[in-house]
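What follows draws every value from the coordinates through simple rules; no lab data is involved. Treat the numbers as computed from the prediction; the structure is a model and nothing was measured. Every residue, glycine as well, gets a Cβ built from its backbone with ideal geometry; the counts of neighbours run over all protein chains shown.
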Amino acid sequence: MSLGAEKFFGLLRALRWSLAEFSQATGIHIDYIRETLASEAIERAGPDSDVYVLPVIDAGAGPPWSNEGADTIGIFMPELRGYDRSRLFVVRVRGDSMQGYADDGTLVICYRDGLPERGKVVAVWLAGDGVVIKRYLGVENGLLLLGNDNRAYRAAFEAPEGSTVVGVAIGRFLRG
């Protein structure tokens with residue numbers, strides 16, 4: 001009996017499990033799960049499916065669309081209908097500067113699309129630090145003004161010259 005990729009990802013989402021957590025609980029090797037489900041999602045689900053196979057980048061690393069070795073994640077998320085799949089990517093949060101919005105390990109789904117509105121959460125190419133998740137506060141003195149949600153950090157700061165918004169957060173998977 002085949003569960004199918006969409007039902008499988010729906011089950012993972014309902015359980016709030018990652019593929020790694022499923023692999024650990026079942027003993028099924030994660031590479032086998034990824035290859036099988038990614039292949040099924042691409043071949044059987046088609047471009048109009050609610051299963052999305054997206055590149056994942058760890059915060060502090062380079063942009064996923066230029067990283068040929070980037071991990072991917074398959075997710076079932078009907079809320080993404082209408083978005084151009086080629087402009088979607090996922091950032092795996094590292095650290096606690098955005099605690100309250102995203103804890104360490106949270107997966108933030110982003111869409112590459114222009115400048116965001118003030119107060120929105122964004123993925124930023126932070127010159128010298130890679131891609132990070134921050135709150136967009138505007139532009140000041142020609143530099144991006146960004147914010148942290150965790151009060152243990154500076155509330156606002158100017159991003160280094162050369163930094164740029166690479167995507168706007170449109171969803172997230174909270175890690176338990």
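With Cβ to Cβ distances under 11 Å as the rule, what net charge do the other residues near ASN141 carry (K, R +1; D, E -1)?
Here the count lands on -3.
Can you work out ³J(HN,Hα) from phi for every residue in the stretch 74-86, in order, using Karplus 6.51 cos²θ - 1.76 cosθ + 1.60 and θ = phi - 60°, giving whole Hz and x for Gly and Pro?
Couplings: x, 9, 9, 8, x, 4, 8, 3, x, 8, 5, 4, 6 Hz.
Once fully extended, how much extra length lies between ASN141 and ASP129, figured as 0.36 nm per residue of separation less the alpha-carbon to alpha-carbon distance?
Length difference between fully extended and current span is 2.2 nm.
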